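A short worksheet on the structure shown next.
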Amino acid sequence: MKILVCISQVPDTSTKVVLKDNGSAINSQGTTYIINPYDEWYALVRAIELKESGIANEIHLVTVGKADTEPVIRKALALGGDQAVRIDAESNDPYLTAVYIADFAKGVGYDLILCGKESIDYNNGIVGAMVAELLDMDYIGFAADIQIEKSVAVVNREIEGGEETDTCNLPLVISCQKGVAEARIPNMRGIMAARTRPLNVIAPSPISPVTEILSYELPPAKAGVKLISPENMDELVALLHSEAKVI
Amino acid sequence: MSVIVLVEHNGRAINKKNLEAVQYASVIAQKTGATVTAVILGTVGAREMESLGQYGAQKVLHVDDARLNDLHTRVYACALLAAVQKENSKLIIALNDISGRAVAPRVAVKLKAGLVGGALSYPDLDKGFVIKKSVFSGKAFAYVNITSEIKVILLTPNTFPLNKIEGKAAIEKLNVIFEEKDFGIKVKEVNKVTGEVPLADAGIVVSGGRGMKGPENWGLIEDLAKEFGAATACSRPVADAHWRPHHEHVGQTGGTIRPDLYVAVGISGAIQHLAGVNGSKTIVVINTDPEAPFFKAANYGVVGDAREVLPRLTAAVKKFNQHK
Amino acid sequence: MNDIETLKAIKGGEFLIKETSAEHVFIPEEWDEEQLMIAETCDNFLAQHVKPNLTRIDNQEPGLMPHLMDEAGALGLLGISVPELYGGFGKDFKTSMLVAERLGAGNSFSVAFSAHSGIGTLPILYYGNEAQKQKYIPKLASGEWKGAYCLTEPSSGSDANSGKARARLSDDGKYYLITGQKMWITNAGFADVFTVFAKIDNDDNLSAFIVEKDFEGLTLNSEEHKMGIKGSSTRQVFFNDCKVPVENLLSDRQNGFKIAVNILNIGRMKLGGGTVGACKEVITLAVRYANEREQFGRAISKYGAIRHKLAQQAILTYASEAAVYRASQNMEEATEMLVASGMDESKAKLKGIEQFAIEAAIIKVHCSETLDYVVDEGVQIYGGMGYSAEAPMDRAYRDSRINRIFEGTNEINRMLTVDMMLKRALKGELDLMGPAQKVAGELMSIPDFSLTNEESLFSTEKKYLANFKKAILMVAGGAVQKLMAQLGKEQEVLMNLADMLIELYVSESLQLRVEKLVGLRGEESCKEQLDIMRVYINEAAEKIAKSGREALNYFAEGDEKRMMLMGLKRYTKTDDFNSIQARRNIAAKLITENKYCF
């Protein structure tokens, strides 16, 4: 069974957002980049587990990004992954990203495509569903547990106010969140093997984006906190009602 | 021209966030001289459907197929597409929730439509079709322009207040032929967390962290939540230590919530936690440590021990509720 | 990697008499992608397994430390430099130093780790025969077996060769029977394999043996109650006619002391790396605390007294680190040259490191004292909370102190520094005489007031460094001449000379590091590093002057003393420099970044 794991590069969680060019772009100077945690800790690790248990025999990684994303891709290879493909494009349009990935995947043929539930930079969480549509596959989002039995996926996913267990035949696209797997630390063997695993670069399909980010804005500075004495909870309640208007 | 809005229900009622979606569509429709057509899939009462008129829907297209009572994303996408084609709609509204994010993208792909998720504003038509959304896990906003002819917006719940108006929507049946392959996902089991307020859409959330010292102290949190009519949540260390169920974990790698009121008890306010809650309208922080970083992100703060503060606060809320 | 033919690397100890070009030093800003991935694995390992459990570790929760070692082993961290042939990853010396540095932030775990992978494994790796290596190394590299090292005894610490442990051949000639008592043995509580030093019969010198924990006659005492590194297992090990198969004699009879000394050189370097890692962690905690703690309405990081401490912590750490990786690179290159010339790899490694034993001793002293400063001011910055066991500084403070004691006390290492220099000079390996005479001649002549030929960004500091060397050569030359063989007994003078050498080596390493960095990134991006260099070197000048003066006032007399004191003044003179402002700049960067960021 061949699994494709979609990896995206995102700024480290503690990065301060700094704008440049009058707010039309993000200043990435000094930013540390990491693998999107949902892609790494859940999607990729689950794929690795499926390979370790003999259910899958090949894991491929795909990233949409320019050459500066390669260190992060190699880190993913160090964790596990037989080969990686980088689609040489920059995209913050989810549709574009999905088309690039789907066009690549179509050429190979995967039984299971895993991605994180969303990327922590743009927080869209829709590329997986779009890829599924483009490949005419089913999609299950927000999975908290994935089991593969023969060629059927048994997925426990989050729903409004609870969880649901679904089954679906492969091939399938699943987006992953907490519960699917436990984050792993790349070991020495993997780190050294990463050098030798193929990282191929391919050109993106020629299509135009359907959305564009025009500008960014930082949230307004928060007015200082109003401290209330623990003796005076009536005052807090009154403020929540009359000032904050939340009760 | 009609704005299509996907409206979900639980068979009995249509909840607040879905009404917000209708109202959102209606505001945009008024700006562009369009009408609003709500799309309802599966079995629900006529009264509920008609009431969408009170939030600006002129018409409801009802796909009255019992198979659609459960979410089947491919099927929903087909149904929504059929509605869009029938109305020749150029704008589709859905919610930025679990089902919206699974269904709408499929329709967007079918229509090669640009999609903006997590919308926090009405589209700015002067600049094109520009929508504000939250990015970098709440650390910034982005203004995104949709350039395609057909457009899809996923609205963030609890962004705009609801205003009921006079109105009654006309119900029209929509028959859609579905293919067997569209029902590929079979539901084996459903576990609803009953009797409690679901976290994702709760207006008020009371959340506990490591400062609570242990799971045995959570009664204090639950009492306050009960009095507020709130959902309960927790920080990551608490979920990792299994003091609370994992679905309560809010933060960078847990859930993201945007309640009107977020009460954080014994949570220091690490950046990863803030990422899950920085969209809250009002934040109250209760902590024994006056240096806790969370105070910098809070609107109101109480420096004190949860074991003393929570019962007092619960009593104060109870008093407030009685006099309401 | 430099081409061996064009290598201009100087030999060990030659930093006193020769110049080094900045392009030939290795600086940490040059780690490659793979090394950074390895470093990240170390950081992640600590974050996931060690840091959340520091209290449990310090409580010596049964089974916890060996379990952590197992986890580290599973990641491959215990076999970084073990050859692939024996189940390791065959990585170079610098990479193993990087691992030592990153894991150095792990308090008691770091000690357990370095004792296992250093003294617990390397004696067998470098001195074992093929059979011994095959038997023990793979299991040590994977962590399946844990290692320990038994040299110290209740009455022999610094004087290692005075150990009373004895070994005698059994009647049937199949076993050595070891009797003795070893003390302060790290990892003893869970080790499977011990390298044990004892004298066979009436030998003058120690021999080394590989002893397995289940060999008959080996018992342990209970855990020592220590000031710090409480989580590290430290026990006495008793040998009562402990039966050790003769095949387990490690290397030649009476070669034990040599083994101990060579392994110590490596241990000193790893200590240097580890303490640098601990420093960075402590500084990050201190900056964060200073940024959050408010008094008099402002974060305390806004106050000058605090800024001074933060800056000084960073300056010393950055300087220590420069020395560590400069020497590591030198050792690696020396090893490569020896391997290229046909020497066996293990031998080449030991010889390459031994070549820079002086630098290793310097690094051990400087880095351990840097960490003690950093943790001391760390406690101070934390104020009352620094004294609380609930905050991290208390543990950091107590854990640091041992570094000035083990791996050779700092006093021993200081004296060795001078001792080794002088011995090499005597053997003709290091030409100190010529340069010292040149300086003596210069003292008599009129000082050269002409401007330096080329004014570069670093010409001032390079001039200072050249002068420091003259100062040391002058004082050392004078001491040797005056005290001759007695110098070995004048420990205070040796300590003074050592301090001068240490300040020179670290200053130069720092200057070279910043010069190379500016070459890579441009002056604009290195403003704080330039300030670090300037503050450090200016302070070093005063330290060198003070140490030199003390020594001269002891052994020199009359006109000669007057002349040398004047010369010392000349050679440690610096231009006026605004250290307060420079430290403020450095502190400002730390405060903005909210972590150690250099």
task: Run down B:259, B:215 and say which single residue is within 13 Å of chain A (Cβ to nearest Cβ) and not small (Gly, Ala, Ser).
output: B:259
statement: By my count, helices (runs of 4 or more DSSP H) wholly in the range B:227-324 with at least 3 residues that are under 29 Å from residue B:96 (Cα atoms) are B:236-240, B:271-277, B:294-297
message: Quick test for you: out of A:180, A:173, pick the one residue that is touching a residue at least 24 places away in the same chain (Cβ under 8 Å), surrounded by 19 or more Cβ atoms within 10 Å (Cβ to Cβ) and either in a loop (DSSP other than H, G, I, E, B) or within 14 Å of chain C (Cβ to nearest Cβ) (or both).
response: A:180
query: If you take the residues in the range B:139-169 that are within 10 Å of another protein chain (Cβ to nearest Cβ) and among the basic types (Lys, Arg), which one is surrounded by the fewest Cβ atoms within 10 Å (Cβ to Cβ)?
result: B:139
- prompt: residue B:109 passes all but one of (1) outside any loop (DSSP other than H, G, I, E, B); (2) more than 10 Å from every other protein chain (Cβ to nearest Cβ); which number fails?
  reply: (2)
message: I'd like to check something: does the range A:68-84 contain any residue that is away from every other protein chain (no Cβ under 14 Å), in contact with a strand residue (DSSP E or B) (Cβ under 8 Å, 6 or more places away or on another chain), surrounded by fewer than 23 Cβ atoms within 10 Å (Cβ to Cβ) and under 22 Å from residue B:108 (Cβ atoms)?
response: no
- line: Taking the range C:330-374 and keeping only residues that are among the acidic types (Asp, Glu) and under 15 Å from the mean Cα position of the chain (by Cα), one is left with C:354, C:359, C:369, C:372
query: Which members of the range C:122-175 meet the condition of being in contact (Cβ under 8 Å) with a residue 40 or more places away in the chain, closer than 19 Å to residue C:88 by Cβ and part of a loop (DSSP other than H, G, I, E, B)?
result: C:128, C:143, C:144, C:145, C:146
query: Any residue in the range A:90-109 that is more than 8 Å from every other protein chain (Cβ to nearest Cβ), over 22 Å from residue B:148 (Cβ atoms), more than 14 Å from the chain's Cα centre (by Cα) and not in a helix (DSSP H, G or I)?
result: yes
statement: Within the range A:195-218, residues facing another protein chain (nearest Cβ under 7 Å) and either loosely packed, with under 14 Cβ neighbours inside 10 Å or under 30 Å from residue A:16 (Cβ atoms) (or both) come out as A:195, A:211, A:212, A:213, A:214, A:215, A:216, A:217, A:218
task: Please specify each residue of the range A:232-243 satisfying the condition of being more than 19 Å from residue B:279 (Cβ to Cβ) and surrounded by 12 or more Cβ atoms within 10 Å (Cβ to Cβ).
output: A:232, A:233, A:234, A:235, A:236, A:237, A:238, A:239, A:241, A:243
statement: Being of a type in the set (D, E, K, R), out of contact with any Pro (no Cβ under 9 Å at 6 or more places or on another chain) and within 21 Å of residue C:329 (Cα to Cα) narrows C:23, C:61, C:33, C:84 down to just C:23
Of the criteria (1) more than 23 Å from residue C:357 (Cβ to Cβ); (2) at pLDDT 95 or above; (3) not polar (S, T, N, Q), which one residue C:469 fails: (1)
- prompt: Could you list, in sequence order, the residues of the range B:146-174 that are closer than 28 Å to residue A:96 by Cα and among the hydrophobic types (A, V, I, L, M, F, W, C)?
  reply: B:146, B:150, B:152, B:153, B:154, B:155
- request: Within the range B:112-127, track down each residue that is assigned to a loop (DSSP other than H, G, I, E, B) and facing chain A (nearest Cβ under 8 Å).
  value: B:112, B:113, B:127
Evaluation of residue C:469 against (1) of a type in the set (D, E, K, R); (2) surrounded by 14 or more Cβ atoms within 10 Å (Cβ to Cβ); (3) over 24 Å from residue C:22 (Cα atoms) (one fails), failing number: (3)
message: Looking at residue C:89 and the list (1) out of contact with any Ser or Thr (no Cβ under 7 Å at 6 or more places or on another chain); (2) within 14 Å of chain A (Cβ to nearest Cβ); (3) in a helix (DSSP H, G or I), which single condition is not satisfied?
response: (3)
message: Taking the condition of being surrounded by fewer than 20 Cβ atoms within 10 Å (Cβ to Cβ), of a type outside the set (D, E, K, R) and more than 9 Å from chain A (Cβ to nearest Cβ), how many residues in the range B:269-292 meet it?
response: 2
- prompt: Which residue out of C:516, C:546 is without any contact (Cβ under 8 Å) to a residue 12 or more places away in the chain, within 25 Å of residue C:19 (Cα to Cα) and surrounded by fewer than 24 Cβ atoms within 10 Å (Cβ to Cβ)?
  reply: C:546
- request: Answer yes or no as to whether residue B:264 is at pLDDT 90 or above and either buried (at least 22 other Cβ atoms within 10 Å of the Cβ) or under 24 Å from the mean Cα position of the chain (by Cα) (or both).
  value: yes
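Results for (1) free of Cβ contacts under 8 Å to residues at least 60 places away in the same chain; (2) under 12 Å from the mean Cα position of the chain (by Cα); (3) surrounded by 20 or more Cβ atoms within 10 Å (Cβ to Cβ), shown as yes or no for each residue.
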{"position": "A:9", "(1), (2), (3)": "no, yes, yes"}
{"position": "A:14", "(1), (2), (3)": "yes, no, no"}
{"position": "A:39", "(1), (2), (3)": "no, yes, yes"}
{"position": "A:47", "(1), (2), (3)": "no, no, yes"}
message: Just to be sure before I move on: is residue B:199 of a type in the set (A, V, I, L, M), farther than 30 Å from residue A:152 by Cβ, in contact (Cβ under 8 Å) with a residue 24 or more places away in the chain and surrounded by fewer than 19 Cβ atoms within 10 Å (Cβ to Cβ) in the structure I sent?
response: no
task: List every residue pair whose Cβ atoms lie under 9 Å apart, where the two residues are 6 or more positions apart in sequence or sit on different chains, the first residue falls within the range C:211-235 and is over 28 Å from residue C:249 (Cα atoms) and among the polar types (S, T, N, Q), and the second residue, located anywhere, is surrounded by 15 or more Cβ atoms within 10 Å (Cβ to Cβ) and modelled with pLDDT under 95.
output: none
query: Among (1) more than 30 Å from residue B:291 (Cα to Cα); (2) surrounded by 24 or more Cβ atoms within 10 Å (Cβ to Cβ); (3) at pLDDT 95 or above, where does residue C:369 come up short?
result: (2)
task: Read through the list (1) farther than 28 Å from residue C:390 by Cβ; (2) assigned to a helix (DSSP H, G or I), then give the number of the only condition that residue C:56 fails.
output: (1)
message: Checking the condition under 16 Å from residue C:81 (Cβ atoms) and in a helix (DSSP H, G or I), which residue from C:349, C:364 passes?
response: C:349
statement: Inside the range A:134-158, the number of residues satisfying the requirement of being without any contact (Cβ under 8 Å) to a residue 12 or more places away in the chain and within 9 Å of chain B (Cβ to nearest Cβ) is 1
message: Just the residues that are in a loop (DSSP other than H, G, I, E, B) and within 14 Å of chain C (Cβ to nearest Cβ), please, taken from the range A:219-236.
response: A:224, A:225
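The values are calculated or read from the model by the stated rules, or taken from the named source; none is laboratory data. Keep in mind it's a predicted model, so treat the numbers as computed, not measured. Cβ: placed from backbone, ideal geometry, glycine included. Neighbour counts: every protein chain shown.
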